[in-house]
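Structure first, commentary second.
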Amino acid sequence: MKTVTQYKEEINLMVDSIGQIRDLAVNENRDLSISEANKLDEILDEVEMIERLIQTEDRTQNKLRRLSLPGKPLTTPDDDGDVDGGKGESRSVISRTEKDRFFSLGDQLSAIMRAASPGGKTDPQLYQAENRATGLGEGVASDGGFLIQDNFAAAMVEKVFQTGLLAQLCRQMPISVGTNMKIPGVDETSRVAGNRWGGVRGYWADEATQKTASQPKFRQIELNLHKLIGLCYATDELMQDARALESYIREAFADEFGFLIDDAIINGTGAGQPLGILNAGCVVSVAKETGQAADTIVYENVLKMYARLIANARNDSRWLINQDCEPQLGLMSLAVGTGGAPVYLPAGGASGSPYSTLMGRPVMPIEQCQTVGTTGDIYLASFGKGYIYSQKGGIQSDMSIHVRFVYDESVFRFVLRIDGQPLMRSAITPYKGNDDLSHFVKLNSRD
């Protein structure tokens, strides 16, 4: 008899086969053939049969685990870890009967800690279907690890994207099955007549004149999930307090993963991680001014960057800068006769608060931008219209007591699967004009 993991792997392979058959028909701009349609029906019937087998096995395992559990209700532990507080009385009579779920994230992390300890007992709740991780072994901390319970995982992922400044601005496309997703996208590289929307052509014509055919051109945007892995160290003292452990893990995990996701959106290479706008083929680069001093930003740079952003993306665009660019923005001026006037500071000068907008768009200092004078120190970007990311639910966690044994510390490992890339693969040639446009504009090096 196969395991649930093996069944799920079979389904993933079948889903890939379905995608290949459909992709072939889409690429050839035709309907499915009779043989292809019959093949899809066969695969879908087999998927439904395997899904029923998985449901039956999960139901069987859940029933067997419930029958093997003690009949008395479980109670919540005191702060010192005892159920009865050392006085023979329980603090709570709340029973874990709601599908045998953990009360809190700290409760589950403590259970993972006990499962990973030599001779430690594994809480049966860790073997629930929603908490099992697929890997070298199911429910084994040293192999596959354990998935964070779904309601805790959703809250942790939400916190990650709230902590990160950029991910929450992007277009999200969740993946529910498999490890990749192919999204049909318009292959548009020019706004010249006959090229808009990849080849759609509209025109004015007199009555009874012959119509001109048009056909849009499409491409596939492929998202392949990459592993984002984080290690979180916890002292032995912290491990004894489930509530403090939960607070620490939530804060540390969200901050670190939020930072790394933002860094990938900006600087990612696309190899084993999302593709960032710095390395994307669609980013537009603006050259420095003739004779411009090193490590400076001048008003002409800003004007030219703004002119290269796609016009319909301006409303949700924002400037991204390294914090050390701010003095340069304050020094920008517009020449007036033999003098000049500041263009970033308010009318009150240094006595008032500097504007947080530039050309009417917000200015956001972030650590992931390069230092002033280096390519990538300032961007004008529209993430809502120009960048897509995908994340698969289910955060895997396991724990080791050996990594920092001499320091009385243990380490939790968290894994989140995610990918992202700009929607366009190249800049667009405008309908009228000479300079390419994009959702993302950067300033070249001034060294």
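The values are calculated or read from the model by the stated rules, or taken from the named source; none is laboratory data. Bear in mind that the values here come from a model prediction, so they are computed numbers and not experimental data. Here Cβ is always computed from backbone atoms with ideal geometry, including for glycine, and neighbour counts include all displayed protein chains. When the accessible area is computed, the model is the full protein with side chains, heavy atoms only, and any ligands, DNA or RNA have been set aside. Shrake-Rupley method; radii C 1.70, N 1.55, O 1.52, S 1.80 Å.
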- line: Measure of exposure for residue 56: accessible area at 1.4 Å probe, Å² rounded to 10, is 80 Å²
task: Take the alpha carbon gyration tensor of the range 241-335, find the square roots of its eigenvalues, order them as a ≥ b ≥ c, and report rounded if a/c is under 1.5; if not, report prolate when a/b exceeds b/c, else oblate.
output: prolate
query: For the range 255-336, which whole percent of the accessible surface, found with a 1.4 angstrom probe, sits on carbon and sulfur atoms?
result: 51 percent
message: Leaving ligands and nucleic acids out of the surface, order 304, 442 by accessible area at 1.4 Å, largest first.
response: 304, 442
message: Order 57, 367, 256 by their accessible area, 1.4 angstrom probe, all chains in place, largest first.
response: 367, 256, 57
- line: Env charge @ residue 355, Cβ radius under 15 Å, K,R +1 / D,E -1, value +1
query: Sorted by mean Cβ packing within 10 Å, highest first, what order do the peptides 381-390, 34-43, 4-13 take?
result: 381-390, 4-13, 34-43
- line: The relative contact order of the range 256-321, taking Cα pairs under 8 Å that sit 6 or more residues apart, comes to a percentage of 16 percent
